[in-house]
Amino acid sequence: MSRLWMVYVELVLISCLGQIYAQNENPVVFTLGMFQNVSIPVNGSVEVNVSRIPAEVAFVILQFHTQHRNATISYTRVPAYGFSVTTVDSGLLFPLAPNQLTLSFFLLSPSGDSVTGIGVILPYSRTDPVPGACNLEFPLENDPNIYVLYNLYETIIRFAPANIGYARGDSPPACDVETDPNTRWRLQYDVYQYFLPENDLSEQSLISGMEMVATVPGMVENGRKLMTLSSQDKTLVSFNSIPGQGVIYGIVVRDPVYNSSASYVPVHTYACSFTSTLDGCTMLGRTSTKVFFTITGLAGLFVCFLGHRFFKCELFCLGFGFGAFCFFVLITRTTMLDYDIRLALTALIGVVGGVGLAMTWWRFGSVMACVVFSGLTFSFLLSSIIFFTPLGDLSVFHNDAVFWVTFVCMMLVLPLFFIRWPRVGNILTCGVVGAYMVVLAVNAYTYTSLSYITLDILKRLLNEDFSRTFISVPLQQIDFILISVWVILAVWGIALQLYRERSRPFFPPSPYVLWCQERERRKTNVLDPSHHMPSLPARLLARLRQLTRHQEPAGERTPLLL
């Protein structure tokens, strides 16, 4: 029995080796600096060879990119810890020995599916800094990769420090000498960001983007430089998560002494999963969200053109927004309820808030208090717009105390102007805020960066670590179209309401106050015929007695005068 088992094992090994050799009969040949498509078979591997490496090249970096399926790149045929890396954007660094003209490595599919990606090998000279050569955190000895983590609020990238360049055959310079300016502590790291086209989750879009930013000149020309880190800074940067929007992050390390540079392996993310059956990249638009924001958009259109005329409806919408926003922050920070349940409860509390604000005005008739509330709503949106600009990425506003003090002060200034010009201020709120509600409704059906004007403030309230993130988002064609729609709706809504209300009272009177005034007038004005009219209880009692008199039995007499 044992002999049969040994024979079976030998046959399996021979079969596997035969498959491996068959797969490597036609290895893939890479040319330095040239992009090449590679297809890795199911449970298979591909050997990649590079030849004719020039003598002036001190090291090369391999980049291999796929859209959402992991691929393994390995120094050896059998992947091992510390000699391979598995991810969608992977890279290996090859220090070259003297007289070395060729090298080889292996691409494997770890997921049981075939993987297709694009690869490139970039050469660097002895004066160029070596990305990830002072790695103490990640598995590879020389790790040029950027590692990305994301959640609903933020996307974090991490990388290993680089070392200064050295020639073939020389020993790498020491990484732990902190006082010597001729060591890696003189290096600087430029962090870049490149946005893929909006609403485009195609693989071709990602490949085109990677080809544009894979090299140092391409990243500098096409990417957006966000910041520069020194060697004393942490090798960690946080950004705002934008689910469904493809973003490529790149790091260029520079050596100011040699005026040279090298690129880490760029990494991309969509801040969502392609394989998840819930909240995947292709399922970001929930039905509940669409219903909620569709109703919001219709209400915003009404407020934009008719809000001041129907003052109670405007107050309901403003109270709804305030109550819903505050309750969503509270329930999200204190509970772990499902998103749909939280959204339903938020809508319910929003209705309560809207009814409460409208009834407050109905009962007390304080127009000034309502105008101040309207001004606070408008100033909240205006402050959010200001911090949506590059001003919000200033390092001083990464401090929560500075940010919130500045934000609140900006919110409190604008209502002072509303007190001086209440009707104009209220119509201005109706036009601008109502038009933005329409923009939010459009965002439920197609991606737009304008939703992050208020969403960034919401994220900062919900996540304590969001203050250190970079909140920059792309403004592309759909955003400029919606900005135009926003401006046109706001201008037309404001102009129409100012024209319609020019001959009317500044604000409609409170129904309860009108009723009280009418009652007082009837009590005090003796010339008013209604003053001599009996009260409603007296009239009801007289009518009841009249009906009773007609129903008395025969033989009984009713006095003529009651």
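The values are calculated or read from the model by the stated rules, or taken from the named source; none is laboratory data. Keep in mind that this is a model prediction, so the values were computed, not measured. Here the Cβ positions follow ideal geometry from the backbone for every residue, glycine too, while neighbour counts run over all protein chains shown.
Worth pointing out:
- Selected residue (only one of Phe380, Phe387, Phe325 is modelled with pLDDT of 85 or more, farther than 21 Å from Cys304 by Cα and assigned by TED's automatic domain parsing to the domain that holds Tyr436): Phe387
- Test result for Ser74, free of Cβ contacts under 8 Å to residues at least 40 places away in the same chain and surrounded by fewer than 22 Cβ atoms within 10 Å (Cβ to Cβ): yes
- Any hit, the stretch 184-202, residues being small (Gly, Ala, Ser), touching a Pro at 6+ places or on another chain (Cβ under 7 Å) and assigned by TED's automatic domain parsing to the domain that holds Pro54: no
- Contacts under 7 angstrom Cβ, first residue in the stretch 98-110 being farther than 13 Å from Leu32 by Cα, partner at pLDDT below 90 and of a type in the set (Gly, Ala, Ser), 6 or more apart: Pro98/Gly169; Phe106/Ser45; Leu107/Ser45; Leu108/Ser45; Ser109/Gly44
- Ser171 passes every criterion in (1) within 17 Å of Pro129 (Cβ to Cβ); (2) not in a loop (DSSP other than H, G, I, E, B) apart from (2).
- The set of residues in the stretch 53-83 that are within 22 Å of Thr275 (Cα to Cα) and touching a helix residue (DSSP H, G or I) at 6+ places or on another chain (Cβ under 9 Å) comprises His65, Thr66, Gln67, His68.
- Pair list, Cβ < 7 Å and 6+ apart or interchain, from the stretch 217-240 residues that are under 23 Å from Asn163 (Cβ atoms) and among the basic types (Lys, Arg) to residues that are part of a strand (DSSP E or B) and at pLDDT 90 or above: Lys225/Asp190; Lys225/Tyr192
- Near pairs, Cβ below 7 angstrom, 6+ apart or cross-chain, from the stretch 471-489 (in a helix (DSSP H, G or I)) to any residue that is surrounded by 12 or more Cβ atoms within 10 Å (Cβ to Cβ) and of a type in the set (Phe, Trp, Tyr): Trp486/Tyr436
- Scanning the stretch 295-303 for residues that are within 30 Å of Phe507 (Cα to Cα), surrounded by fewer than 15 Cβ atoms within 10 Å (Cβ to Cβ) and not assigned by TED's automatic domain parsing to the domain that holds Glu154 turns up at least one hit.
- Where a residue in the stretch 41-65 is closer than 23 Å to Gly132 by Cα and its partner, wherever it lies, is polar (S, T, N, Q) and buried (at least 19 other Cβ atoms within 10 Å of the Cβ), with Cβ under 6 Å and at least six apart: Phe64/Ser90
- Of all residues in the stretch 381-396, those satisfying the criterion of being part of a helix (DSSP H, G or I) and either of a type in the set (Ser, Thr, Tyr) or within 18 Å of the chain's Cα centre (by Cα) (or both) are Leu381, Ser383, Ser384, Ile385, Ile386, Phe387, Phe388, Pro390, Leu391, Gly392, Asp393, Ser395.
- Any pair with Cβ under 6 angstrom, 6 or more apart, that starts in the stretch 397-417 at a residue that is assigned by TED's automatic domain parsing to the domain that holds Thr429 and farther than 21 Å from Asn463 by Cβ and ends at one that is β-branched (Val, Ile, Thr) and in a helix (DSSP H, G or I): Pro415/Val372
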